[in-house]
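Below is one structure, written out as structure tokens; comments come after it.
The values are calculated or read from the model by the stated rules, or taken from the named source; none is laboratory data. Predicted model, so just to flag it, every value in this text is computed and none were measured. Positions of Cβ are backbone-derived with ideal geometry, glycine not excepted, and every protein chain shown enters the neighbour counts.
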Amino acid sequence: MDSNRVHFSQAITLANTQPLKIVMGEDTQTLDEVVVTALGIKRATKALSYNVQEVKGDEITAVKDANFMNSLAGKVAGVQISSGATGAGGAARVVMRGMKSLTKDNNALYVIDGVPIFNTGKSGGEGLFGDMGGSDAVADLNPDDIASISMMTGPSAAALYGSSAANGVVLITTKKGQTEKTTITVSNSTTFSKAYIMPDMQNRYGTSSGLFSWGELTDRRYDPSNFFETGTNVINSVALSTGNSKNQTYLSASTTNSGGILPNNSYNRYNFTARNTTNFLNDRLTLDIGAQYIIQNNKNMVSQGQYYNPLPALYLFPRGDNFDEIRLYERYNTNYGYMEQYWPYGDASLSLQNPYWVQNRIIRTSDKKRYMLNASLKWKVTDWINIVGRVNLDNSDYRNKNEKSASTLTTFCGVSGGFEDAMRQERSLYADVLANIDKTFGDFHLTANVGASIYHTSMDQLYFAGDLVIPNFFQVNNINFSSNYKPDPTGYKDEIQSIFASAELSWKNQLYLTLTGRNDWDSKLAFSKQKSFFYPSVGLSALLSEMVELPELITYAKVRGSYTVVASSFDRFLTNPGYEYNSQTHNWANPTVYPMENMKPEKTKSWEIGLNLKFWENRFSLDATYYRSNTLNQTFKVDIPSSSGYKQAIVQAGDVQNQGIELALGFSDKWAGFGWSSNATFTLNRNKVKRLASGSVNPVTGEAIQMDEMNVGWLGKENVAPRVILTEGGSMTDIYVYNQLTKDNNGNIKVDQNGNLGITSSNTPVKVGNLDADFNLGWINHFTYKGIDLGVVLSARVGGLAYSATQGILDYYGVSEVSASVRDNGGTPINNGKVDAQKYYQTISTGEGGYGRYYLYSATNVRLQELSLNYTLPRKWFKNVANVTLGVVGRNLWMIYCKAPFDPELSASTSSNYYMNVDYFMQPSLRNFGFNVKVQF
């Protein structure tokens, strides 16, 4: 535990004049715990007027994941972390205190050692034809380099980071060299993965015709799970930490090699890190420099949807046919002179192809090289003033390819094959200067910071796609540029210039007042009347345990409250729309959005109150927070007359409110060598759309706008799946359905004389619920005894709905287990009789998804999130030169409760504001188990 100030007090009675040996003892009542906050500033926890939760590096590396953010699931209150469905190394969805923006990304900001990072990547797409997904920038980090993570769930905690931090901050503090100590740490983590939560499918009823499995009972057995392989994730790491009082050095290297459960799917990453901290000029100057170099590549990542996904064909394969023929996925075509795909079933309007062909002959690769350079210089002007300057360079180069072999489905390319090649550069430069004041005036203590920063980001991509001339020769100069080619260069440059200040005034270390302010000049505001935006925050913290006499039971008590305003700019180019390029026709078109000059930043006003308690000599702790935020100036597009020369105009209105409770209850104690530490978290958030654009004025026509609802998107096939619709008074994830089984005048399901059913569609949708959880729970336990450490993490999500388009399609084709069970029972009970299973399921579902009313499930789930058992061998066994720890680990080992036919915590798209709790042939969730070895010299 770090400390800002440590006070020592020891009463000594002189009995004689003999020499005295005095040992100073810590006064634990005045030992100040500190936590890393905004801009990397360390502050005493008792001074904070907002909720910050810190997770130590050991918690992240106990059960390692290729993306360390997945290791935080269930461990922090107020944060919803969903793993991407792409498997190892995939992007994660991290939302703090609910979704706030209707149109912008609601993921948290990532900050490394006080510097924001450019977190880009492939998050996966929405709906039937979504993006295949991929990794993101934060997943590049080596978890063994992380010392701690501070989760700043509210805008008050992150106010000094400006517009990027409106959604909260994940503040990562990395390791540095130790003082007067040298350690070498070598570790290995090896885990194996198996497909876990899959739809229940039948294999006893055979083929009826084509792809349909509504036939008679068959002796042939087909198990789609046999297609999946045993995934592996091997992480090796070595680190050196050394130093003295003047110079500290940290060096590390790690490899991450993962093989997915899908054939020919992999993720590899190689990290190299160096950091050196030097004090000179009588410790007046401190220079901290660091560098990271990362090589990352992945192949054939699959999230969900129809495109480049082997699962639709795998799951729907007719049960009476021989799948061994399909394993031979290509045959030599003597007429064309190359291997041709073998799949005799057609695409079934689902883009079906041989699943082995998809994984072996449609090769999607991404190669990335990234380097991060950072330096900071701290000048200790006096004992109470220092000035810090920092600069960080973060550059990434990508090469993304998609090689589609000849005879791939012509939806995607010509008969000779197709090729996509994208070269992408991402550049980020951050620099700031910060003056820090730390001064005591009698009973008062002032801590102040004043600074300025510049943050420049850019992206440039050169992209070509088209059909091939020579079959299977994947080069840009082999693209047929006479037809069906697609050049699509894209890019942008953004810059934010800022000034900021904060001041913390304390009285007798009991009462703390904190004020912050920041002003941003954002390039996205160009051509608007408002050139910059300012946002303040104020907070108050009081230590009741120091101010008043409390019962002996309570050893620590603090109340806190804060209010903040955080603004974020609107999307780029809205104030000055440019020509629009059509990459299919290669033509330019006039802009369709009316240029707006009187635009304002999106603004979030937030307040929170909290209580921090410790009981029974700090054995128990309780942290409680209640918060409310309102996000204003949301961006809407409204139709305008074509005579204006444009199709739409921008209106800024709306109010989205989030309010909720964060609770953390902790316990820690030891008895005769046995230790138990426990922490339970509770998260509740209520999201409400207070206002849309109704009452606003159309900026072109001057007419009042009437917007009672806003259609956001379908959770699958249009007019089949549920639809997310926003209404005033509703939430951002309310879902509606349009269809139901036809009923007669008495309200009974209508069945005609031939046993047929019908579907009735309504123009007025019916609300059936929402996608948000009612609340989330997490429970972390550690049991220790003589070198043994048992870690157990349980997590639960309660409430909300989930939609499975997959289940509907499986039912339609007769390959689901439920369709077989109904056949076993002679049909589906309806009214006072039974309806044929095929007629029933082919009415309530379609070949592209089931009707929403009948394929919604509770998203409630309870699971054993993590399990680890480590044993540190006695040091004397190694002649006191090494600490050796061996362990067995598991993740997602046991789904204790889940009624949905898929894992609702998987996310097909990690950036969408509405496409969640949806399965459209999404990869199964994984059950992971393995072992750890750690040796420290």
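Looking only at the stretch 573-587, decide whether some residue is of a type in the set (A, V, I, L, M), assigned to a strand (DSSP E or B) and either in contact with a strand residue (DSSP E or B) (Cβ under 9 Å, 6 or more places away or on another chain) or over 30 Å from Gly730 (Cα atoms) (or both).
no
Scan the stretch 459-494 residue by residue and report those that are crowded, with 17+ Cβ neighbours inside 10 Å and among the hydrophobic types (A, V, I, L, M, F, W, C).
Met459, Phe464, Ala465, Leu468, Phe474, Ile479
Any idea which residue in the stretch 290-326 is farthest from Leu409 (Cα to Cα), counting only those that are in a strand (DSSP E or B) and polar (S, T, N, Q)?
This residue is Gln292.
Under 7 Å between Cβ atoms, at least 6 apart or on separate chains: pull out the pairs that start in the stretch 852-868 with a residue that is farther than 19 Å from Ser71 by Cβ and modelled with pLDDT of 95 or more and end on any residue that is part of a strand (DSSP E or B) and charged (D, E, K, R).
As it stands, the answer is Ala859/Arg797; Thr860/Arg797, since those pairs meet every condition given.
Filter the stretch 479-500 for residues that are part of a strand (DSSP E or B) and over 30 Å from the mean Cα position of the chain (by Cα) and give the result.
Ile479, Tyr485, Lys486, Pro487 - these are the residues of the stretch 479-500 that are part of a strand (DSSP E or B) and over 30 Å from the mean Cα position of the chain (by Cα).
Quick one: is Leu287 in contact with a Ser or Thr (Cβ under 6 Å, 6 or more places away or on another chain), part of a strand (DSSP E or B), surrounded by fewer than 22 Cβ atoms within 10 Å (Cβ to Cβ) and in contact (Cβ under 8 Å) with a residue 12 or more places away in the chain?
yes
Give the residue that is farthest from Ser349 (Cα to Cα), with candidates limited to residues of the stretch 205-232 that are in a loop (DSSP other than H, G, I, E, B) and under 40 Å from the mean Cα position of the chain (by Cα).
In this case the residue turns out to be Thr230.
Being of a type in the set (S, T, N, Q) and closer than 22 Å to Ser193 by Cα is the filter; apply it to the stretch 882-913 and report the residue that is surrounded by the most Cβ atoms within 10 Å (Cβ to Cβ).
Step by step, filter the stretch 882-913, then rank; the result is Ser907.
Which residues, taken from the stretch 522-539, are at pLDDT 90 or above and surrounded by 16 or more Cβ atoms within 10 Å (Cβ to Cβ)?
If the condition is that a residue be at pLDDT 90 or above and surrounded by 16 or more Cβ atoms within 10 Å (Cβ to Cβ), then Asp522, Ser537, Val538, Gly539 are the ones that fit.
Given the options Thr273, Thr278, name the one that is polar (S, T, N, Q), within 31 Å of the chain's Cα centre (by Cα) and not in a loop (DSSP other than H, G, I, E, B).
Within the list Thr273, Thr278, the selection yields Thr273.
With respect to the numbered conditions (1) surrounded by 15 or more Cβ atoms within 10 Å (Cβ to Cβ); (2) under 25 Å from the mean Cα position of the chain (by Cα); (3) at negative phi, which one is the sole condition not fulfilled by Gly769?
Every listed condition holds for Gly769 apart from (3).
Give me the residue from the stretch 523-572 that is among the small types (Gly, Ala, Ser) and in a loop (DSSP other than H, G, I, E, B) and, out of that set, farthest from Gly162 (Cα to Cα).
Going through the qualifying residues, I end up with Ser528.
Taking the options Gln497, Gln510, name whichever one is surrounded by fewer than 19 Cβ atoms within 10 Å (Cβ to Cβ) and under 16 Å from Lys46 (Cα atoms).
Gln510
Give me the pairs: first residue in the stretch 478-499 and closer than 16 Å to Ser583 by Cβ, second residue acidic (Asp, Glu) and surrounded by 15 or more Cβ atoms within 10 Å (Cβ to Cβ), beta-carbon distance under 9 Å, and six or more apart or on different chains, which are they?
Ile479/Asp421; Ile479/Asp467; Asn480/Asp467; Ser483/Asp467; Asn484/Asp467; Tyr485/Asp467; Lys486/Glu420
Any residue in the stretch 805-822 that's in contact (Cβ under 8 Å) with a residue 40 or more places away in the chain and closer than 16 Å to Gly320 by Cα: show its pairings with residues that are buried (at least 24 other Cβ atoms within 10 Å of the Cβ) and acidic (Asp, Glu) at Cβ separation under 9 Å, as long as the two are six or more apart or on different chains.
Ser819/Asp811
Among what's in the stretch 351-368 and is of a type in the set (A, V, I, L, M) and either in contact with a helix residue (DSSP H, G or I) (Cβ under 8 Å, 6 or more places away or on another chain) or outside any strand (DSSP E or B) (or both), pick the residue that is surrounded by the fewest Cβ atoms within 10 Å (Cβ to Cβ). Working first, answer last.
First, the residues of the stretch 351-368 that are of a type in the set (A, V, I, L, M): 352, 358, 362-363.
Subset that is either in contact with a helix residue (DSSP H, G or I) (Cβ under 8 Å, 6 or more places away or on another chain) or outside any strand (DSSP E or B) (or both): 352, 358.
Numbers: Leu352: 22, Val358: 31.
Going through the qualifying residues, I end up with Leu352.
Can you name the residue in the stretch 369-399 that is assigned to a strand (DSSP E or B) and acidic (Asp, Glu) and, of all such residues, is farthest from the chain's Cα centre (by Cα)?
Once the filter is applied, the top-ranked residue is Asp397.
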